[in-house]
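Participant: Pasting a structure below so you can have a look.
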Amino acid sequence: MHKKIAVLAILITMLMLGAFSASAQDEQPTDEPEPTVALTVYNQGTALVRDRRSFSFNAGLNTINFTDVASSIDATSVSFLSLTDPEGTYVLEQNYVYDLVDIYALTRRFIDQVITVTAEDGTVYTGTLLSGGDSIILQAENGQVIVLNGYTLRDIQFPALPEGLITRPTLRWLVNSASTGDQDIELTYLTGGISWTADYNILLAPDNSNLDLNGWVTLSNSSGTTYRNAQVKLIAGDVNRLPTYDEFAYMDMAMETRAMPAATPQVAQREFYEYQLYEIGRPVTVGNNETKQVEFVTSTSVPATTYYVYDASDMWYGYYSPIVDTYYGFT
């Protein structure tokens with residue numbers, strides 16, 4: 001129950017932020033096509049994904065497969081909306097299918113069925129699969145049991161791809177439609193595996209009188225899918241996650257806000273309640289298992305001044321008397 005409340009609170013907050021940013025899109029030139037994918041990324045690893053696609057419907061019941069969703073998706077946060085016919089199109093059932101094709105999934109599905117295996121030396125074995133994984137155990141027609149080390153096999157031949165196995169994580173819906181025809185569908189969901197930071201590179205002149213500054217937005221994506229030509233918005237501040245039952249006694253409900261430096265036109269900054277929102281001004285492709293950097297501030301020959309700061313800190317590493325080291329605390 002607490003998890004669903006927390007997801008709802010996050011989703012409402014993010015949808016408000018998405019709506020806020022969508023209003024700004026109306027000010028863009030009309031000759032620029034609107035991206036069909038939008039990412040709103042918080043800096044502690046949570047993102048709101050909005051994905052729009054077109055599907056063909058028949059009047060009545062339809063099975064719709066929405067592929068290439070993040071494998072880190074929170075399936076309880078999914079929102080389905082028909083932009084074409086929101087009143088006449090609604091979901092009766094939703095399934096998140098993530099039984100992906102790999103050697104372990106295939107061997108599990110073909111237990112007690114006949115397969116063919118070729119060893120590295122070219123020897124071909126055919127028999128009923130008793131066990132699979134790191135080792136393959138077959139039973140030949142004469143009853144002989146053959147154990148083959150999986151690392152010494154050249155190939156394994158299966159009769160067909162078993163029903164139910166897929167190549168990409170998929171959301172599958174049973175949808176009722178009031179009419180026949182194409183419809184634009186908008187999917188919104190929360191996912192983990194995406195985060196962002198602001199990184200700065202400083203090159204100091206030899207005489208310490210000036211410096212060159214480059215600031216980068218660094219996006220890290222390990223969510224399990226690629227977001228192509230996405231409209232990317234970045235939120236400085238933590239998601240307002242309600243604590244679980246066990247955490248209520250220990251956690252503070254206050255939300256932390258982190259300030260960010262002003263950006264150049266490539267990355268626009270806006271304020272939204274206690275958040276700072278940064279929007280990249282062009283579509284960006286964020287690949288899976290990729291770290292992408294987008295420059296948002298640059299300046300050269302910035303005047304610089306060197307300061308020496310003494311840190312009169314508390315007792316450290318067993319010091320129980322005045323510290324007399326003249327170099328201690330310099331930074």
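The values are calculated or read from the model by the stated rules, or taken from the named source; none is laboratory data. Because the structure is a prediction, the values reported are computed rather than measured. Glycine gets a Cβ as well: all are built from the backbone with ideal geometry, and neighbour counts include every protein chain shown. Only protein heavy atoms, including side chains, enter the accessible area calculation; ligands, DNA and RNA are left aside. Shrake-Rupley method; radii C 1.70, N 1.55, O 1.52, S 1.80 Å.
Participant: Given the structure, is Arg168 closer than 23 Å to Phe57 by Cβ and assigned to a loop (DSSP other than H, G, I, E, B)?
Facilitator: Yes; evaluated as a whole, the condition is true for this residue.
Participant: If you don't mind, there's one more thing I want to ask. Taking only region 41-88 into account, find how many residues are part of a strand (DSSP E or B), more than 23 Å from the chain's Cα centre (by Cα) and of a type in the set (S, T, N, Q). Can you show your working first?
Facilitator: Here is the first cut: in region 41-88, the residues part of a strand (DSSP E or B) are 41-42, 46-57, 60-67, 73-82.
Of the ones still in play, those that are also more than 23 Å from the chain's Cα centre (by Cα) are 55-57, 60-63, 82.
Restricting the remaining residues to those that are of a type in the set (S, T, N, Q) gives 56, 62-63, 82.
Of the residues in that region, 4 qualify.
Participant: Considering Ile73, Ile64, which residue is β-branched (Val, Ile, Thr), within 23 Å of Tyr227 (Cβ to Cβ), open to solvent by less than 50 Å² (accessible area, probe 1.4 Å) and modelled with pLDDT of 90 or more?
Facilitator: Ile64
Participant: Among all residue pairs at least 6 apart or on different chains, which show Cβ distances below 6 Å where the first residue, located in region 298-310, is open to solvent by 80 Å² or more (accessible area, probe 1.4 Å) and the second is among the charged types (D, E, K, R)?
Facilitator: Listed pairs, sorted by first residue: Thr300/Asp212.
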